[in-house]
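> Sharing a structure here in structure tokens format.
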Amino acid sequence: EIVVPAYGSAHNSAPPFEGTAQAQGAAVLDRGEGQIQRGSQYWAESGWVTSESWLTATGKGVWSYTLPSLSDGEYHLRARAWTLDPYSDTSPAEVVFVYDTVSPTGATLITPTGGVAFASATGIVLEWQPVGPDGGSDLAYVVRLDGRQLHTTTQSAYTVIQIADGPHTWGVQVLDAAGNRSGWVTATFSIARECIWLPLVVRCRRQSLRRC
């Protein structure tokens with residue numbers, strides 16, 4: 001079994017390659033082996049080769065192997081155990097992970113921008129242009145308003161339900177599944193609700209005068 005990395009995970013630094021193995025019946029474990037595949041190539045201790053290569057792991061029941069220096073892309077990791085008989089696992093464990101060290105492109109804000117003023121303080125829609133896939137891991141967006149993080153989403157808009165009067169600054173940062181982040185892109189707007197002042201009418205009640 002491969003314990004780490006998790007299947008479908010994304011990383012911006014080389015993850016551990018670790019797992020466990022167990023012999024069946026009276027068999028005794030001899031060693032664990034791992035395989036690292038990138039595209040149509042396999043790691044063979046000193047370099048990438050086109051023929052399948054298995055690597056001797058450190059440990060038996062609990063084993064590990066240190067991954068080599070990686071370039072960005074998708075990797076398949078496999079693991080199997082050998083017993084002293086000798087027999088090996090006929091169905092090796094396998095995981096797939098993405099190695100991604102490139103920060104995503106920053107978002108382009110659509111609205112509101114340029115200090116535009118709204119007469120209503122409810123239902124303000126913050127909208128930005130979606131960032132296209134960069135060939136790495138999946139993207140998401142972090143939304144911030146007045147220095148406070150509001151939400152992380154895969155959508156390209158966020159609605160502020162209620163907001164105070166006055167000027168506001170909002171921004172978006174693009175985040176990928178490997179943990180890489182773009183810079184913040186920000187814009188401003190304001191809430192300027194018009195107040196209607198009604199004249200104050202004072203009614204005076206006449207009182208009759210009494211002579212003494």
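> Based on this model, can you work out whether residue 88 counts as touching a Phe, Trp or Tyr at 6+ places or on another chain (Cβ under 6 Å), under 27 Å from residue 1 (Cβ atoms), modelled with pLDDT under 95 and not hydrophobic (A, V, I, L, M, F, W, C)?
When the stated conditions are applied, residue 88 passes them.
> May I pose another question? Considering only segment 37-53, I want to know if a residue exists there that is in contact (Cβ under 8 Å) with a residue 40 or more places away in the chain and either of a type in the set (S, T, N, Q) or open to solvent by less than 30 Å² (accessible area, probe 1.4 Å) (or both).
So the first thing to find is which residues in segment 37-53 are in contact (Cβ under 8 Å) with a residue 40 or more places away in the chain, and the list is 37.
Subsequent filtering for residues that are either of a type in the set (S, T, N, Q) or open to solvent by less than 30 Å² (accessible area, probe 1.4 Å) (or both) retains 37.
Yes, some residue in segment 37-53 is in contact (Cβ under 8 Å) with a residue 40 or more places away in the chain and either of a type in the set (S, T, N, Q) or open to solvent by less than 30 Å² (accessible area, probe 1.4 Å) (or both).
> Additional query: Just for segment 91-104: of the residues that are at pLDDT 95 or above and hydroxyl-bearing (Ser, Thr, Tyr), which one is nearest to residue 6 (Cα to Cα)?
99
Residues are listed down the side, and each one gets a yes or a no for (1) in a strand (DSSP E or B); (2) open to solvent by 20 Å² or more (accessible area, probe 1.4 Å); (3) not hydroxyl-bearing (Ser, Thr, Tyr):
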site: 98; (1), (2), (3): yes, yes, yes
site: 137; (1), (2), (3): no, no, no
site: 158; (1), (2), (3): yes, yes, no
site: 172; (1), (2), (3): yes, no, yes
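> Also: Check off (1) in contact (Cβ under 8 Å) with a residue 12 or more places away in the chain; (2) exposed (fewer than 15 other Cβ atoms within 10 Å of the Cβ) for residue 90 and give me the number that stays unchecked.
The one condition residue 90 does not meet is (1).
> How many residues does segment 1-21 hold that are within 17 Å of residue 138 (Cα to Cα) and either open to solvent by 50 Å² or more (accessible area, probe 1.4 Å) or part of a strand (DSSP E or B) (or both)?
Looking only at that region, the number is 7.
> Could you list all residues from segment 72-81 that are more than 21 Å from the chain's Cα centre (by Cα) and open to solvent by less than 30 Å² (accessible area, probe 1.4 Å)?
Scanning segment 72-81 gives 77, 79, 81.
> All but one of (1) open to solvent by 40 Å² or more (accessible area, probe 1.4 Å); (2) in contact (Cβ under 8 Å) with a residue 60 or more places away in the chain hold for residue 84; which doesn't?
Here residue 84 meets the rest and fails (2).
> Looking at residue 164 and the list (1) among the aliphatic types (A, V, I, L, M); (2) in a loop (DSSP other than H, G, I, E, B); (3) touching a Leu at 6+ places or on another chain (Cβ under 9 Å), which single condition is not satisfied?
For residue 164, the failing item is (3).
> Mind checking whether some residue in segment 137-144 is touching a Gly at 6+ places or on another chain (Cβ under 8 Å), under 30 Å from residue 193 (Cα atoms) and not small (Gly, Ala, Ser)? Let's see the steps before the verdict.
So in segment 137-144, the residues touching a Gly at 6+ places or on another chain (Cβ under 8 Å) come out as 143-144.
Filter again for under 30 Å from residue 193 (Cα atoms), leaving 143-144.
Then drop every residue that is not not small (Gly, Ala, Ser), which leaves 143-144.
Yes, because at least one residue in segment 137-144 is touching a Gly at 6+ places or on another chain (Cβ under 8 Å), under 30 Å from residue 193 (Cα atoms) and not small (Gly, Ala, Ser).
> Something else about it: So which of 152, 113 is assigned to a loop (DSSP other than H, G, I, E, B), touching a strand residue (DSSP E or B) at 6+ places or on another chain (Cβ under 7 Å) and within 30 Å of residue 190 (Cα to Cα)?
113
The values are calculated or read from the model by the stated rules, or taken from the named source; none is laboratory data. This structure is a prediction, so every number in the text was calculated from the model and none was measured. Every residue, glycine as well, gets a Cβ built from its backbone with ideal geometry; the counts of neighbours run over all protein chains shown. SASA here: full protein model, heavy atoms, side chains in, ligands and nucleic acids out. Shrake-Rupley method; radii C 1.70, N 1.55, O 1.52, S 1.80 Å.
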